[in-house]
Amino acid sequence: MSTRHFLSLFDLTIDEYRALFERAGQIQAARERGERPNTLERRVLGMIFEKASTRTRLSFESGMAQLGGSAIFLSPRDTQLGRGEPIEDSARVMSRMVDAIMIRANDHGMVETFAANSRVPVINALTDLNHPCQLLADVYTYQRHRGSIAGKRVAWVGDGFNMCHSYINAARVFGFELTVAAPSGYEPATEVVEAAGDHVRLVESAEAAVEDADLVVTDVWASMGQEEERLRRLRDFQNYQINDEIMARANTDALFMHCLPAHRGEEVSASVIDGPKSVVWDEAEARMYTQQALVEFLILGEFPDDAG
């Protein structure tokens, strides 16, 4: 059997996603009961971080520990990757010593090359192209609050970067309608949009995107590595803040999500992110449960029957 990787949302089937969300719910319920299943006992996750992280590192590392496994944190400065060792060589060596590898990388091509030379599953924990693990948490969180996201209207407001690409891919996989509002020059990649067909449409204003939406999502205006562009981006994105006026255009039971960290007063007002429509804290917590279910599936080749 060939090794399964999770480099984009297209690497699992819709039936596998249904099972993954069910399993994540079992793990969450067990944790709330104070139970810690040992489904990943003696299993080791290698974690490569080219970018700084709070939620990604914490969710994977805590998630492995809570299922009886362990995780090893690696940064380029701590490994031969930082001294120019070929990615192919690092993949061949690391994958002989651990059970799975997650990578948070600057370049999506690096993750693809690593996976092509790995004996064990490789998980994309964020690249410049997409962030599929975050969408597992987001769809799971929506489902727990409002039921299936299929057929719903989702609004993405902000930079058409990796998170936006992931939402476009998710619209295709999970069958929802996505409207994207990004300033001129910050639109999502043409090839990503064209591949999504009728699942996505681009509009010019935040107001148009959010109209009648069931879910409103945004992200920071300047991501990691873009700090030098900050002043220009603040000007370019000034009309794309999610505030009470914008949220009022969405459906009355619409939810608000943000992958965090958030800059209150920039991409979102404090009244929205800390308000009753916001589920960002549930969304952040869901990273752990959905990734635990994902790692179980990739390492064990199946979803355990229950969390007990």
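The values are calculated or read from the model by the stated rules, or taken from the named source; none is laboratory data. Since the structure is predicted, the reported quantities are computational estimates derived from the model, not experimental observations. Counting neighbours? That spans all protein chains shown, and the Cβs are built from the backbone with ideal geometry, glycine included.
Structure summary
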quantity	calculated
Total residues in the range 138-175, condition farther than 22 Å from residue 208 by Cα and among the basic types (Lys, Arg)	2
Unique match (being under 25 Å from residue 17 (Cβ atoms) and without any contact (Cβ under 8 Å) to a residue 24 or more places away in the chain) among 109, 84, 147	147
Some residue of the range 42-59 being surrounded by fewer than 15 Cβ atoms within 10 Å (Cβ to Cβ), free of Cβ contacts under 8 Å to residues at least 12 places away in the same chain and in contact with a strand residue (DSSP E or B) (Cβ under 9 Å, 6 or more places away or on another chain)	no
Residue under evaluation residue 296, criteria (1) of a type in the set (D, E, K, R); (2) in contact (Cβ under 8 Å) with a residue 60 or more places away in the chain; (3) not assigned by TED's automatic domain parsing to the domain that holds residue 123, criterion not met	(3)
Qualifying position, being assigned by TED's automatic domain parsing to the domain that holds residue 140, hydrophobic (A, V, I, L, M, F, W, C) and over 22 Å from residue 17 (Cβ atoms), among 195, 171, 182	182
Among residues of the range 279-308, those that are farther than 16 Å from residue 134 by Cβ and among the small types (Gly, Ala, Ser), counted	3
Test for residue 117: is it in the same structural domain as residue 41 (by TED's automatic domain parsing), surrounded by fewer than 22 Cβ atoms within 10 Å (Cβ to Cβ) and either modelled with pLDDT under 95 or farther than 30 Å from residue 86 by Cα (or both)	no
Test: residue in the range 229-237 that is within 25 Å of residue 137 (Cβ to Cβ) and either of a type in the set (A, V, I, L, M) or outside the structural domain of residue 15 (by TED's automatic domain parsing) (or both)	yes
Residue 81 being crowded, with 16+ Cβ neighbours inside 10 Å, more than 27 Å from residue 147 (Cβ to Cβ), assigned by TED's automatic domain parsing to the domain that holds residue 294 and at pLDDT below 95	yes
Answer residue from the range 18-38, given it is assigned to a loop (DSSP other than H, G, I, E, B) and free of Cβ contacts under 8 Å to residues at least 40 places away in the same chain and is nearest to residue 147 (Cα to Cα) among those	33
Whichever residue in the range 179-200 is touching a strand residue (DSSP E or B) at 6+ places or on another chain (Cβ under 9 Å), in contact (Cβ under 8 Å) with a residue 24 or more places away in the chain and farther than 24 Å from residue 276 by Cα and, among such residues, is surrounded by the fewest Cβ atoms within 10 Å (Cβ to Cβ)	187
Of residues in the range 126-166 being of a type in the set (S, T, N, Q) and more than 19 Å from residue 188 (Cβ to Cβ), the one farthest from the chain's Cα centre (by Cα)	148
Qualifying position, being more than 21 Å from residue 52 (Cβ to Cβ), in contact (Cβ under 8 Å) with a residue 60 or more places away in the chain and of a type in the set (Asp, Glu), among 89, 99	99
Filtered residues of the range 254-295 (kept if surrounded by fewer than 19 Cβ atoms within 10 Å (Cβ to Cβ) and in contact with a His (Cβ under 9 Å, 6 or more places away or on another chain))	282
Within the range 82-199, helices (runs of 4 or more DSSP H) holding 1 or more residues that are under 30 Å from residue 232 (Cβ atoms)	108-116, 132-146, 162-174, 190-196
